[in-house]
1. If you go through segment 435-454 one residue at a time, do you hit one that is assigned to a loop (DSSP other than H, G, I, E, B), touching a residue at least 24 places away in the same chain (Cβ under 8 Å) and out of contact with any Phe, Trp or Tyr (no Cβ under 9 Å at 6 or more places or on another chain)?
2. Show the residue pairs that are 6+ apart or on different chains and have beta-carbon atoms under 7 Å apart, the first residue being within segment 114-133 and at negative phi and of a type in the set (Gly, Ala, Ser), the second being open to solvent by less than 30 Å² (accessible area, probe 1.4 Å) and at pLDDT below 95.
3. Considering only segment 124-145, state which residues are within 22 Å of PHE364 (Cα to Cα) and either within 24 Å of the chain's Cα centre (by Cα) or open to solvent by less than 10 Å² (accessible area, probe 1.4 Å) (or both).
4. Can you confirm whether segment 344-359 contains a residue that is within 23 Å of ILE483 (Cβ to Cβ), touching a residue at least 24 places away in the same chain (Cβ under 8 Å) and surrounded by fewer than 18 Cβ atoms within 10 Å (Cβ to Cβ)?
5. Name the one entry in LEU407, LEU444 that is of a type outside the set (Ser, Thr, Tyr), under 21 Å from the mean Cα position of the chain (by Cα) and open to solvent by less than 30 Å² (accessible area, probe 1.4 Å).
6. Of the residues that sit in segment 70-80 and are more than 15 Å from THR116 (Cβ to Cβ) and of a type outside the set (S, T, N, Q), which one is most open to solvent (accessible area, probe 1.4 Å)?
7. Within segment 204-250, can you find the residues that are buried (at least 20 other Cβ atoms within 10 Å of the Cβ), touching a Pro at 6+ places or on another chain (Cβ under 9 Å) and not in a loop (DSSP other than H, G, I, E, B)?
8. Please specify each residue of segment 152-177 satisfying the condition of being more than 24 Å from THR287 (Cβ to Cβ), assigned to a loop (DSSP other than H, G, I, E, B) and open to solvent by 50 Å² or more (accessible area, probe 1.4 Å).
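The values are calculated or read from the model by the stated rules, or taken from the named source; none is laboratory data. Here the structure is a predicted model, which is why all the values come from computation and not from measurement. Note that each Cβ is placed from the backbone with ideal geometry, even for glycine, and that neighbours are counted across all protein chains shown. These area figures cover heavy atoms from the full protein model, side chains too; ligands, DNA and RNA do not enter into them. Shrake-Rupley method; radii C 1.70, N 1.55, O 1.52, S 1.80 Å.
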Amino acid sequence: MEASSLWISNSSPISSIALLTNKHWKWQSAFYKPSLFNHSRRCFFVKNVASKKHTKTPALEEEQGVALDALRPDSASVASSIKYHAEFTPSFSPELFELPKAYYATAESVRDMLITNWNTTYDHYEKMNVKQAYYLSMEYLQGRALLNAIGNLELTGAYAEALKQLGHNLEDVARQEPDAALGNGGLGRLASCFLDSMATLNYPAWGYGLRYRYGLFKQLITKDGQEEVAENWLEMGNPWEIVRNDISYPVKFYGQVIQGPDGKKEWIGGEDIIAVAYDVPIPGYKTKTTINLRLWSTKVSAELFDLRAFNAGQHAKAYEALKRAEKICYILYPGDESDEGKTLRLKQQYTLCSASLQDIIARFERRSGESINWEKFPEKVAVQMNDTHPTLCIPELIRILIDVKGLSWKEAWGITQRTVAYTNHTVLPEALEKWSLNLLQQLLPRHVEIIRMIDEELINTIVEEYGSEDLELLKEKLKQMRILDNIELPSAVLDSLVKSRKSLVNNSVKEEEDSETDEVTKPTNKEEEVKKPDGKKKRKLKCQRQRIPKRK
């Protein structure tokens, strides 16, 4: 018999394809800020590419004669900024200004402008309390960021001229940038294109992913053929990211679920790690809108470092907890042939979902102020899952709403259905993930309870849709669409189906008897018919009935 497994697929009632094109998310506004390279106070407007309309502030109306081009830094200002970063935010020794150092100083110069636009963009989101899309993906295939950012800011000429003054060519400097090892194929490229497009169209959006230290692999071609080695893209640091040490969330694995005297469930014990935020700006094309890609890195608190074991020479034991946490973000798609590999992949997916949802909920609560209305959560939040990897968002959101925020199952289930959406990249069964129920039970015991409840909700929906008259059809639909595979139906559903089957059998027998009484019969054994007092014919009890076929 096939092993019991769990399959969270696009058959779920909250699994659907969603296009993030809500017209109400388009926004236009004017921001006022000091120029990066010129300290005189100036203002600029945000251009909505989709509508080609502008909204001006009173300050901007006072300076209508100021052209947008005048707000852009010239080559001299850019060169000054690059030299500043080469001297005061150095990643290299001060003696030389060679290509690697020139790249980092140039990237940090561009990042200064992006940070200004970035902060202003999210100040606007906070002030307007707009509905925001949150895009969760296990990978992002971004490509090199320098030329893309300079082009989006329409500063290619200024940076080319500035670097020429400093003795370098822009293309040569740009070639020093390693590809961000955060993605591998079409799914990751689509995720990055989504973020670029949403920034360009001025949609309030935010991306979430994991900060992989070694990516998937780096390919080397040697005399012996292809060789795969760890990607070293972070060895020299990443000038585009900003670590947010004040933004971190706990993530739990293993442990057990207990029930308090009030009936409330609590997930206790187990293994605890910390997810720390690293932010990467995503600029739109020819717009000041700059959205965010938040990547999670994992660690443990200092208390989990076993100092006594280390001093006793048991070094591996001393930092065992640290290594367990760090390896979650080592590799994109670690091999899952072994049980350890499967566990690591599941840890990765849950870390992404749990940390991201905690962050999303914290932002919603902050924007809501003192009065939090959870029914308005779907009106302010849209969570888009990129393929099957982040589908643990569904039980995790329900867990937080019920166990942490105190909502009922009905409330949490309704909110989740209206909040979470799913993009499917293939309908082939082999491309949809299945997880061992035993593994899931060990690693995420509370989520298994919730998934069973979701499964029962889905079964009830299927029964309502297809009815129980054709049990073979219903059985086939349940096999195709259930979340839990090779698992017995819930007892409540089984009882309902048994009652339905008995009812069908009784109705069938009754119909058969009714049809038999309507058929023409004749006596056998030469028994004569007698009449009742009311005149109706009646056979003697010893007479046997015999069906007479209908005439053709």
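1. The initial filter retains those residues of segment 435-454 that are assigned to a loop (DSSP other than H, G, I, E, B), namely 444.
Imposing the further condition that a residue be touching a residue at least 24 places away in the same chain (Cβ under 8 Å) reduces the set to 444.
The next check asks that each one be out of contact with any Phe, Trp or Tyr (no Cβ under 9 Å at 6 or more places or on another chain); those that pass are none.
Scanning segment 435-454, I find no residue that is assigned to a loop (DSSP other than H, G, I, E, B), touching a residue at least 24 places away in the same chain (Cβ under 8 Å) and out of contact with any Phe, Trp or Tyr (no Cβ under 9 Å at 6 or more places or on another chain), so the answer is no.
2. Pairs found: ALA133/LEU20.
3. Here is the first cut: in segment 124-145, the residues within 22 Å of PHE364 (Cα to Cα) are 124-137.
Those that are within 22 Å of PHE364 (Cα to Cα) and either within 24 Å of the chain's Cα centre (by Cα) or open to solvent by less than 10 Å² (accessible area, probe 1.4 Å) (or both): TYR125, GLU126, ASN129, VAL130, LYS131, GLN132, ALA133, TYR134, TYR135, LEU136, SER137.
4. So far as segment 344-359 goes, no, none of its residues is within 23 Å of ILE483 (Cβ to Cβ), touching a residue at least 24 places away in the same chain (Cβ under 8 Å) and surrounded by fewer than 18 Cβ atoms within 10 Å (Cβ to Cβ).
5. Details: LEU407 fails: under 21 Å from the mean Cα position of the chain (by Cα).
Selected residue: LEU444, the only one of LEU407, LEU444 that is of a type outside the set (Ser, Thr, Tyr), under 21 Å from the mean Cα position of the chain (by Cα) and open to solvent by less than 30 Å² (accessible area, probe 1.4 Å).
6. Taking segment 70-80 and keeping what is more than 15 Å from THR116 (Cβ to Cβ), we get 70, 74-76, 79-80.
Narrowing further to those that are of a type outside the set (S, T, N, Q): 70, 74, 76, 79.
Details: ALA70: 53, ASP74: 85, ALA76: 61, ALA79: 6 Å².
Within segment 70-80, the match that is most open to solvent (accessible area, probe 1.4 Å) is ASP74.
7. TYR208
8. Taking segment 152-177 as the starting set, the residues that turn out to be more than 24 Å from THR287 (Cβ to Cβ) are 163-169, 171-173, 175-176.
Remaining after also requiring assigned to a loop (DSSP other than H, G, I, E, B): 166-169, 175-176.
Within segment 152-177, GLY167, ASN169, ARG175, GLN176 meet the criteria.
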